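Let me begin by handing over the structure; questions about it come next.
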Amino acid sequence: RPDFIIGDRFGVSAASALTECVIGLLAARGYCVVHNKPYAGGFITEHYGRPAQGLHALQIEINRSLYMDERTLEKRPGFNALMDDLTGFVRELMAIAGQYFTDYPLAAVTRPLQTAPNAAKIAALNSPFRQRIRKFRRVP
């Protein structure tokens, strides 16, 4: 079973460059990541994802066995590592995508996110993603 499934309604709900960036960031952390199979996204991604209008929606499914015993519902020893990885993933994603998708206010963000400590490494790793994301940038 994959560790993560990234759903974008087969390219309808998010820019492919953003989807590829998310897949690349998670794969770079050593996770097995698949795209749209078996979950391509549901109502929310279909209803709210409008990449041509600058609104991107991704569904990120996480394999529960990474963080809990599905039989006993107890935390697995990998819970804290996954939590740290997801925190780093979100920081890295915001550092990359935030440069291109910041035209809309983010209701949940009250202060700017700090740049990831390894931003240079991330920039080098994701430069192909960055170039593809640029074409989806909204012009003011």
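Under 5 Å between amide H atoms, partner at least 5 residues away or on a different chain: which partners does Met68 have, H built in plane at 1.01 Å?
Here Arg76 satisfy the definition.
Using θ = phi - 60° and the Karplus curve 6.51 cos²θ - 1.76 cosθ + 1.60, what whole-Hz ³J(HN,Hα) does each residue of segment 22-28 get, with Gly and Pro shown as x?
Rounded to whole hertz, the list is 4, 4, x, 5, 6, 5, 5.
Only the coordinates and a few stated rules stand behind these numbers; no lab work does. Note that the structure is predicted; figures quoted are calculated from it, not measured.
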